[in-house]
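Bear in mind that the values in this text are calculations on the coordinates, not laboratory data. Remember, it's a predicted structure, so these values are computed and weren't measured experimentally. Note that we place each Cβ from the backbone using ideal geometry, even for glycine, and neighbour counts take in every protein chain shown.
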Amino acid sequence: MMEKRKVVMCGVLSLLGLLSAVTAFAAEATRIKKSQVKVTTLDGFTRCSYNRSPAYNLGFASAIFLMMAQIIASVGSGCFCCRKGPAPTRSKFTFVLAFLVLLTGASLNDEHIQETKTADHYLCYIVKPGVFFIGSIISLFTVGLGIVYYLCLNSVKQNVAAATTTPANHGIAMGQAQIPERVEDPVFVLEDTYMRRHNRMVVKLYGQVTAACPQRVLLCLLEKEIEFEIIHIDLDTLEQKRPEHLLRQPFGQVPAIEDGDFKLFESRAIARYYATKYADQGTNLLGKSLEHRAIVDQWADVEVGYFNVLVHPLVMNLVIKPRLGEECDAVLVEELKVKLGVVLDIYENQLASNRFLAGDEFTMADLTHMPAMGYLMRTNINRIVKDRVNMNRWWEEVTARPAWKKLMKMAGF
Ligand SMILES: N[C@@H](CCC(=O)N[C@@H](CS)C(=O)NCC(=O)O)C(=O)O
């Protein structure tokens with residue numbers, strides 16, 4: 001759903017665009033016509049006398065509405081001049097064009113006298129039919145571009161400054177099940193962060209966006225609408241084992257975060273930290289009462305103790321090892337499948353009477369399962385979930401959430 005701020009902004013811009021167009025149309029209708037020009041000839045001079053027409057004020061009003069829209073769109077997009085690119089350049093060009101057309105048209109509709117030396121060949125200049133009309137169209141177009149530009153800049157977007165390489169997949173983690181897109185430099189940026197990075201502190205997440213554990217944190221940040229920046233730690237080149245990363249995560253894994261001076265590792269702890277720190281922002285992931293919170297915690301702990309311990313080795317064997325050219329332990333996979341079936345029966349039962357794992361609302365209990373579940377669903381044993389009606393219904397619902405869709409897009413899945 002579009003944020004309220006954006007709806008208001010688009011509404012204001014559209015209104016100003018319409019006002020500009022309507023007043024330009026009215027100027028077109030009321031501009032000075034040839035028949036309204038008084039022509040007098042005296043001493044070899046021809047005088048064309050014009051009375052001020054309503055088009056004078058209307059043309060100026062149209063230009064002012066357009067200027068207001070342009071200023072608001074520029075300010076709303078973050079600045080007047082700092083962003084290079086085709087959209088703003090174009091909208092600036094059309095703005096100047098429309099503005100000049102409207103102003104010139106308006107000033108020619110003021111009261112004035114035009115003198116020509118010759119009495120025979122004189123021309124009383126009037127604003128040609130269609131000039132204000134063209135002004136109104138360009139003005140509408142300019143405001144349209146302004147809206148598009150504003151939405152582009154302010155939409156939750158990922159800016160992937162990347163060169164894609166094919167990684168060697170030397171790593172260990174579940175996160176490497178898919179060939180990751182190699183992203184260089186500060187990478188995914190929410191809410192046009194890169195324009196504001198110098199002024200505002202955003203959460204720095206060290207990790208790889210395709211890896212399940214960083215995904216847990218990312219999903220939480222997206223659900224909570226928290227600005228973040230991903231610093232890519234390349235698992236394929238074992239960047240997570242380098243001394244500088246061990247200062248952030250002493251076990252040599254991802255993710256880790258830096259939030260100003262505050263540093264934290266362990267994906268579940270990070271997710272809980274942000275769910276609590278921004279309890280009133282975005283989706284409430286914690287539960288509404290003490291009891292509800294306890295149930296959320298209970299199912300979040302089930303994920304660690306019963307779910308992940310089975311899904312992690314399953315994915316390792318079904319996805320990671322084959323990618324690394326290692327043999328999948330088929331016996332182990334069969335054992336894990338049986339054990340997972342027993343665990344998922346309990347989930348199925350829970351979801352028979354609950355929309356989400358901890359009740360009627362989506363919470364951390366659901367969120368924390370999703371990255372590993374996503375991996376499981378991309379294996380050839382995903383029927384273990386699909387064949388369970390309630391689990392399948394739950395999975396469809398949680399993966400339809402915008403935050404998950406954004407995350408999958410970021411990860412290139
Ligand atoms: N309990 C840790 C687990 C972290 C973890 O296993 N990370 C994986 C990616 S999902 C990793 O860094 N793998 C690379 C490695 O172990 O070297 C957490 O939740 O943050």
Rounded to whole Å and sorted largest first, what semi-axes of the equivalent ellipsoid does the C-alpha gyration tensor of segment 4-154 yield via the square root of 5 times each eigenvalue? 39, 14, 10
Run through segment 300-358 and list the GluC sites (Glu not before Pro) located in a DSSP loop whose Cβ has at most 12 other Cβ atoms within 10 Å. Glu326, Glu327
Too long at a 23 Å Cα-Cα cut-off: which of Lys204/Lys405; Lys321/Lys409; Lys6/Lys204? Lys321/Lys409; Lys6/Lys204
Within segment 330-413, list the trypsin sites (Lys or Arg not before Pro) lying in a DSSP loop whose Cβ has at most 16 other Cβ atoms in a 10 Å radius. Arg355, Arg378
Using the Cα gyration tensor of segment 279-398, the equivalent ellipsoid's semi-axes, largest first and to the nearest Å, work out to 28, 15, 12
Tell me, what HN-Hα J-couplings in whole Hz come from the Karplus equation 6.51 cos²θ - 1.76 cosθ + 1.60 at θ = phi - 60° for each residue of segment 61-66, using x for Gly and Pro? 4, 4, 5, 5, 4, 5
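Distances longer than 11 Å among the Cα atoms of segment 20-64: what percent of all pairs is that?
66
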Applying 1/(1 + (r/R0)^6) with R0 = 45 Å to the Cβ-Cβ distance of Leu15 and Phe45, what FRET efficiency is obtained, to the nearest 0.05? 0.40
Per 0.36 nm of contour for each residue apart, how much would the distance between Arg293 and Asn390 grow if the chain were fully extended, relative to their Cα-Cα spacing? 32.7 nm
Within segment 28-51, what residues put their amide N at less than 11 Å from the label point 7 Å along the Cα-to-Cβ vector of Glu115? 42-48
So what J values fall out for segment 387-399 if you push phi through Karplus, 6.51 cos²θ - 1.76 cosθ + 1.60 with θ = phi - 60°, rounded to Hz, Gly and Pro as x? 6, 9, 3, 6, 5, 5, 4, 4, 4, 4, 5, 5, 7
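What pairs in Lys4/Lys288; Lys339/Lys406; Lys241/Lys337; Lys241/Lys386 have C-alpha atoms more than 29 Å from each other?
Beyond 29 Å: Lys339/Lys406; Lys241/Lys337; Lys241/Lys386.
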For labels at Ala269 and Arg5 in the simple 7 Å Cα→Cβ model, what's the distance in nm? 3.2
Output wanted: per-residue J couplings in Hz (rounded whole) for segment 372-377, from phi through Karplus 6.51 cos²θ - 1.76 cosθ + 1.60, θ = phi - 60°, x for Gly and Pro. 5, 4, x, 5, 4, 5
